[in-house]
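The structure appears below as structure tokens.
A short reminder: the numbers here are calculations on the coordinates, not readings from a lab. It should be emphasised that the depicted structure is a prediction, and the values quoted were computed from it without experimental measurement. All Cβ positions, glycine included, derive from the backbone under ideal geometry; neighbour counts span all protein chains shown.
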Amino acid sequence: MAVEDALRDRMLRAVPSLRAFGISLTGDPVRADDLVQDTLLRAWTHIDRFQPGTNLDAWLFTILHNVFRSQHRRRRREVEDADGSCAARLRTQPEQQAHLDYEDFRTALMTLPAEQRMALLLVGAEGMSYEEAARVCRVPVGTLKSRVHRARSALSTRLDIDAAEIGPDSVIKAALATE
């Protein structure tokens with residue numbers, strides 16, 4: 001304990017000189033105080049790296065200089081944005097919601113009976129006419145239209161949205177295109 005106490009006392013005696021050096025580097029007493037505090041914290045945290053018998057003041061000044069340079073490099077890349085106007089211009093739309101919406105749609109689509117799902121995908125996602133889709137499914141056009149209508153109604157219920165949002169075939173095509 002005596003060694004740690006002696007080191008602590010020597011570090012505290014160096015504070016006025018460290019502060020003066022910090023002011024000369026920053027030109028600001030408040031920033032210099034922060035710099036000295038960071039220096040002492042790092043020095044104390046890494047006291048095991050100090051070699052007894054060497055110059056403690058030189059070691060502390062080296063730490064202070066390195067902390068100052070690190071902070072200076074960091075500050076050069078920072079933008080002063082007290083009112084948040086710069087940050088407001090840099091925001092991007094979150095991608096999570098689109099992914100979650102797609103997953104909800106895909107899950108709801110998979111709960112449809114196979115013939116309704118196929119009819120809806122052929123008309124909505126593939127862009128086929130009702131006549132073309134009816135030929136593919138080998139059913140009358142009226143049957144295919146009925147399946148598409150039931151599929152859209154079921155999806156609107158499961159997704160808790162207005163059926164008109166699923167209505168246009170292009171909406172389904174756009175939803176699946178984001179895949």
Considering residues that are over 30 Å from Arg75 (Cα atoms) and surrounded by 12 or more Cβ atoms within 10 Å (Cβ to Cβ), the number found within region 7-53 is 3
Result of the Cβ filter at 6 Å on region 142-157, keeping first residues that are touching a residue at least 24 places away in the same chain (Cβ under 8 Å) and partners that are not in a helix (DSSP H, G or I), at least 6 apart or interchain, is Ala151/Leu112; Ala154/Leu112
Taking region 144-162 and the residues there that are of a type in the set (Ser, Thr, Tyr) and surrounded by fewer than 17 Cβ atoms within 10 Å (Cβ to Cβ), the one that is farthest from Met128 (Cα to Cα) would be Thr157
Expected output for region 14-29 (first residue touching a residue at least 24 places away in the same chain (Cβ under 8 Å), partner basic (Lys, Arg), Cβ below 9 Å, 6+ apart or cross-chain) is Gly22/Arg31; Leu25/Arg31
By residue number, the members of region 128-159 that are among the hydroxyl-bearing types (Ser, Thr, Tyr) and more than 17 Å from Leu112 (Cα to Cα) are Ser129, Tyr130
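Results for (1) charged (D, E, K, R); (2) touching a helix residue (DSSP H, G or I) at 6+ places or on another chain (Cβ under 8 Å), shown as yes or no for each residue.
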| position | (1), (2) |
| --- | --- |
| Ala6 | no, no |
| Met11 | no, yes |
| Val15 | no, yes |
| Leu18 | no, yes |
| Gly27 | no, no |
| Asp34 | yes, no |
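Filter the helices (runs of 4 or more DSSP H) completely within region 1-78 down to those with at least 3 residues that are β-branched (Val, Ile, Thr) and out of contact with any His (no Cβ under 6 Å at 6 or more places or on another chain).
Working: elements: 2-13, 15-26, 29-45, 56-77.
Output list reads 15-26, 29-45, 56-77.
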Condition set of a type in the set (Gly, Ala, Ser) and exposed (fewer than 13 other Cβ atoms within 10 Å of the Cβ), scope region 90-128, selection farthest from the chain's Cα centre (by Cα): answer is Ala114
Counted residues in region 83-112 being part of a loop (DSSP other than H, G, I, E, B), closer than 23 Å to Asp160 by Cα and free of Cβ contacts under 8 Å to residues at least 24 places away in the same chain come to 2
